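Read through the structure below, which is laid out as C-alpha cells, and then see the notes.
The values are calculated or read from the model by the stated rules, or taken from the named source; none is laboratory data. These figures come from a predicted structure and were not determined experimentally. Note that we place each Cβ from the backbone using ideal geometry, even for glycine, and neighbour counts take in every protein chain shown. Accessible surface is based on the protein model in full, side chains and every heavy atom, while ligands, DNA and RNA are left aside. Shrake-Rupley method; radii C 1.70, N 1.55, O 1.52, S 1.80 Å.
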Amino acid sequence: MSRCVPQWHQGLTDALSDNLGEWNIMAMHSERKETRLVARASTEVQEIIQRAADYSGATLSQFLIQAAMEKARNVIERTQTLHLSMAGADALFSALENPPKANKKLLKAAMHYKDSVNVPKNRRNNAAT
C-alpha cells in the first residue's frame, strides 16, 4: 500500500534528508551513546553487591549505577550547599563589618520602635491600673 505524497512535500523531505540526514544520525547516536564504567573489587564485595541487586530486582549494572548516582547527587548537593553557606556567611560578615548608611525609612522605623519599647515608667503604671 503506497501513500500519495504531494510533489512539493516529497521534494522538501528529500532536501531535508540530504542536508540533515547526517546530523539526525549523529543526534540519534549521541543520545544513545553509553560509556563503560569499570571498577575492580574483591569477590566478596561483588557477591554482596550482587545479592543486594538481586534483592532489589535490578541487574548488577542497574544497581551500581543507581547507587553511584544517589551518592554522586548527595555529594554534589552537600558541596553546593556548603559553598552557598560560605558565600552567605561572607556576605553577612561583610554587611556587619561595613554596614550601609541608614536611610530615612530605617531611621523612621528605629524611632517608632524606640517610642513603642521605651514607654516611660509612669505610662506603664497607668496602663496596668
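Tabulated data
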| item | result |
| --- | --- |
| Cβ-derived FRET efficiency at R0 25 Å, residue 51 paired with residue 77, nearest 0.05 | 0.30 |
| Area of residue 75 that stays accessible when all protein chains are in place (1.4 Å probe, Å², to 10) | 60 Å² |
| Loop trypsin sites (Lys or Arg not before Pro), region 40-80, which have at most 15 other Cβ atoms in a 10 Å radius of their Cβ (DSSP) | 40 |
| Length released on extending from residue 104 to residue 35, taking residue separation times 0.36 nm less the Cα-Cα span | 18.7 nm |
